[in-house]
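K.L.:
Before we start, here is the structure in question, set down as structure tokens.
The values are calculated or read from the model by the stated rules, or taken from the named source; none is laboratory data. Keep in mind that what you see is a predicted model, and the values were worked out from it rather than measured. All Cβ positions, glycine included, derive from the backbone under ideal geometry; neighbour counts span all protein chains shown.
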Amino acid sequence: MPTTTTLLAALCLSLRLTNALPRTLLPRETSTPLEPLPKDHAQALEFRFQPLLDFDTDSCYNVPAISPSCTISPGLEPSGDTSPCRAPSALDNSNVYVRGRCNRGWCAFLYSYYFQMDWAAPSPLSQWNHRHDWESIVVWEYRGAARSVAVSCHGEYESRAAEDVPSALSPAEFPLPNWDWLPKDEATHPKVVFHKSGARTHCFRFAKSGGGDEPPENDKHVWIRGGLLGWQGYLVELRDKLRDHDFGSAHLPWHSEEQYTAELVKSMPQAARDDGFDCAYDEVPLFPGIPKPE
């Protein structure tokens, strides 16, 4: 009997063969988020440092960029406000895409988040509105401890020492995988907020210290972890289709090896530079001693 993986791969191939057919984007009012890929297939360190998110009330929720049937999200055409991209169900049905690179004792984990649109404001500021948005968070760790966190904003990164970023346990609503040596009682998850950056479009910022972002503003009123997919955590056919898709003015941060390397260069802390971290080199394809996804 064919496995689920075989069936999904065959379906993805058949869908590729129909790419030449006319395609119609769903109307905005019916463009609901896609079904997520099976959740939580990543490496232990990627889970250990996965950020927790909140979303200001004028911001979209992140959603899956690709479905199990290889459908790419059509996104949303920005118009009146962000209400069409804040379906409460999205908070329990999201995917987060992570890719790690390790050498010289350091690892960098780039977490990528997809949003259906980026809405800044009505005219005359509507020139900044666009369908699709990708934003990223990079956590840099050295020998098992987080050292730096960088959040993306308008194509650049703001970086802080990990000790200066509020962190928390993964909430009960988003339990970590039940791996014996993956600690669940340490506050290793940096807290980050998706917000509107002044009069311009949306990006990430660090959570305020001293509880300034409590309680969270999203519909669940908890910090959101999201289903994590590592580089080897889903079908290559799905990953390649996602990587090769044209999202217009939004840019998937690993759509090419050169782009992935550039994201690490921009977010790298000085200590990693001093130790000779190579942003274009994987010392080991899978981090040693870390369980592979089932």
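K.L.:
Give the residues of region 41-79 that are assigned to a loop (DSSP other than H, G, I, E, B) and among the small types (Gly, Ala, Ser), sorted by residue number.
P.N.:
Scanning region 41-79 gives Ala42, Ser59, Ala65, Ser67, Ser69, Ser73, Gly75, Ser79.
K.L.:
Which condition number does Lys241 fail, the rest of (1) in contact with a strand residue (DSSP E or B) (Cβ under 8 Å, 6 or more places away or on another chain); (2) not in a helix (DSSP H, G or I) being met?
P.N.:
It fails just one condition, (2).
K.L.:
Same structure, new question: Return only the number of the condition from (1) farther than 18 Å from Ser197 by Cα; (2) touching a residue at least 60 places away in the same chain (Cβ under 8 Å); (3) surrounded by fewer than 23 Cβ atoms within 10 Å (Cβ to Cβ) that Ser89 does not satisfy.
P.N.:
The failed condition is (2).
Table: residues versus (1) under 26 Å from Arg243 (Cβ atoms); (2) in contact with a Pro (Cβ under 8 Å, 6 or more places away or on another chain); (3) of a type outside the set (A, V, I, L, M).
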position: Thr71; (1), (2), (3): yes, no, yes
position: Ser79; (1), (2), (3): no, no, yes
position: Tyr97; (1), (2), (3): yes, no, yes
position: Arg101; (1), (2), (3): yes, no, yes
position: Ser112; (1), (2), (3): yes, yes, yes
position: Ser136; (1), (2), (3): yes, yes, yes
position: Ala145; (1), (2), (3): no, no, no
position: Cys153; (1), (2), (3): yes, no, yes
position: Ala162; (1), (2), (3): no, yes, no
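K.L.:
Here is a follow-up. Using the structure shown, decide if Ser197 is among the small types (Gly, Ala, Ser) and either loosely packed, with under 11 Cβ neighbours inside 10 Å or under 13 Å from Asp56 (Cβ atoms) (or both).
P.N.:
yes
K.L.:
Report the residue count in region 239-252 for those that are buried (at least 20 other Cβ atoms within 10 Å of the Cβ) and touching a helix residue (DSSP H, G or I) at 6+ places or on another chain (Cβ under 9 Å).
P.N.:
The number of residues fulfilling the criteria is 1.
K.L.:
Also: When region 247-290 is examined, which residues are found to be acidic (Asp, Glu), modelled with pLDDT of 95 or more and part of a loop (DSSP other than H, G, I, E, B)?
P.N.:
Passing the criteria: Asp275, Asp278.
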